[in-house]
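Only one structure is covered here, and it is reproduced in the block below.
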Amino acid sequence: MIVEPIRWQDGRLTIIDQTLLPGELRYIPLDTVADVWHAIKRLSVRGAPAIGCTAAYGVLVGLRERAPQSVDEAFAALAEICAYLDASRPTAVNLGWALRSMLAAAEAGRGSMAGVDEVLALLEAEAHRIFDENFELCRAIGDHGAAVIPEGAGVLTHCNTGPLATGGEGTALSCVIRAHAAGKNLRVYADETRPLLQGARLTAWEMQQAGIPVTLICDNTAAVVLREGKIHVAIVGADRIAANGDSANKIGTYGAAVLCKHHGVPFYVAAPYTTFDLTIASGADIPIEYRDPDEVTCGFGARTAPADVDVYSPAFDVTPAELISGIITEYGILRAPYSESILAAAQAREAGGVVTAMGQGG
């Protein structure tokens, strides 16, 4: 079963509240732009592609809430709504990308719009395009990435990169889903992913729904499992990838990459073109979100640390490009030197071309 984390039906946006999984599968309505902002901030919807899709539909929610009376009022409201939603989470580049796409689509059609209904219709079409394209990107990533998973492999994952995170089959987990569909015998070893346990609550649940063998491990068990030879490849997602290939992902990803390097296990990042940020030269420039200390000291309602203890809780870390064996994209697998292969992929996209493999790295 492939879940639908985002639904737009009869002009209404609903999402799976991922904070309730795996205990409860519940769709919640997002009827105001504030509902959308808080759903993104509190991680009711999470995963860079899914955040982008939700924000695109959130623009429509906000405009209908504001009920502008003219095209000029609609465009003023559009700019304010996009700025508001863009402030919900700083690291996932897909959020800003989706909002810029909505703004660009509206601006491109502005001269031909006679009324607010036409503005809304154009923006709804753009939101659908973003959602549908994301679905196709996930499938293409999975088809390319399945090739890096050998028969009988143990696959290490971190955080959640499946349907819940994307709206399609996923990014890193799409590679697993496609490999499994092709008949490969494999087993996922899912890091629980502290402090919010996205691997335990979401990835393990998704793999069970898809009928894929999965073993849940504590984050600090990964080194032992690698040393025991149970892991043959690691595939993770990304929330932002710099022009040099440095990749930001859920906190703990960098540590997993270091462990894989030490044990000679290939470490891949899987992401669509929307996750690349060519305006950022390296990972040093990627903005990192910091989370509420209570997520560490009092996670899921149970206090596990002194109330007054200092807490350092970045939501993401950056894996240097030299630790990455390849970046799996809809074009194929990009290889080092990433500054060249990423640029070539971007240029090919602008030209309407297709890239099947780039670079020479391992």
State which residue is nearest to residue 333 (Cα to Cα) when the search covers only region 121-139 and only residues that are aliphatic (A, V, I, L, M) and surrounded by 19 or more Cβ atoms within 10 Å (Cβ to Cβ). 137
Condition met for residue 353 (within 23 Å of residue 198 (Cα to Cα) and modelled with pLDDT under 90): no
Is there a residue in region 289-304 that is within 15 Å of the chain's Cα centre (by Cα), surrounded by fewer than 19 Cβ atoms within 10 Å (Cβ to Cβ) and farther than 30 Å from residue 150 by Cβ? yes
Members of region 124-153 that are in contact (Cβ under 8 Å) with a residue 24 or more places away in the chain, over 14 Å from residue 102 (Cα atoms) and not hydrophobic (A, V, I, L, M, F, W, C): 134, 136, 139, 142, 143, 144, 145, 150, 151, 152
Does region 7-25 contain at least one residue that is in contact with a Gly (Cβ under 8 Å, 6 or more places away or on another chain) and either surrounded by fewer than 21 Cβ atoms within 10 Å (Cβ to Cβ) or in contact (Cβ under 8 Å) with a residue 60 or more places away in the chain (or both)? no
Test: residue 245 is buried (at least 17 other Cβ atoms within 10 Å of the Cβ) and either modelled with pLDDT under 95 or in a loop (DSSP other than H, G, I, E, B) (or both): yes
In a helix (DSSP H, G or I), in contact with a Phe, Trp or Tyr (Cβ under 7 Å, 6 or more places away or on another chain) and either surrounded by fewer than 22 Cβ atoms within 10 Å (Cβ to Cβ) or not polar (S, T, N, Q) (or both): does that describe residue 62? no
If we scan region 218-225, do we find a residue that is at negative phi, in contact with a helix residue (DSSP H, G or I) (Cβ under 8 Å, 6 or more places away or on another chain) and at pLDDT below 95? no
Please identify the pairs in which a residue from region 163-189 that is at positive phi and not assigned by TED's automatic domain parsing to the domain that holds residue 134 has its Cβ atom under 7 Å from the Cβ atom of a residue that is in a helix (DSSP H, G or I) and among the hydrophobic types (A, V, I, L, M, F, W, C), counting only partners at least 6 apart or on another chain. 167/50; 167/53; 167/131; 167/135; 170/138; 170/177
Subset of region 190-216, residues part of a helix (DSSP H, G or I), in contact (Cβ under 8 Å) with a residue 12 or more places away in the chain and of a type outside the set (A, V, I, L, M, F, W, C), comes to 198, 199, 201, 203, 206, 209
Out of the residues in region 1-45 that are hydroxyl-bearing (Ser, Thr, Tyr) and within 20 Å of the chain's Cα centre (by Cα), which is farthest from residue 216 (Cα to Cα)? 14
Wholly within region 250-333, which strands (runs of 3 or more DSSP E) include no fewer than the required count, namely at least 1 residues that are in contact (Cβ under 8 Å) with a residue 60 or more places away in the chain, out of contact with any His (no Cβ under 8 Å at 6 or more places or on another chain) and of a type in the set (Ser, Thr, Tyr)? 267-270, 316-319
Out of 79, 121, 98, which single residue is among the aliphatic types (A, V, I, L, M), free of Cβ contacts under 8 Å to residues at least 12 places away in the same chain and assigned to a helix (DSSP H, G or I)? 121
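The values are calculated or read from the model by the stated rules, or taken from the named source; none is laboratory data. From a predicted model like this one, the values you see are computed outputs, not experimental measurements. Note: ideal-geometry Cβ built from the backbone for every residue, glycine included; neighbour counts use all protein chains shown.
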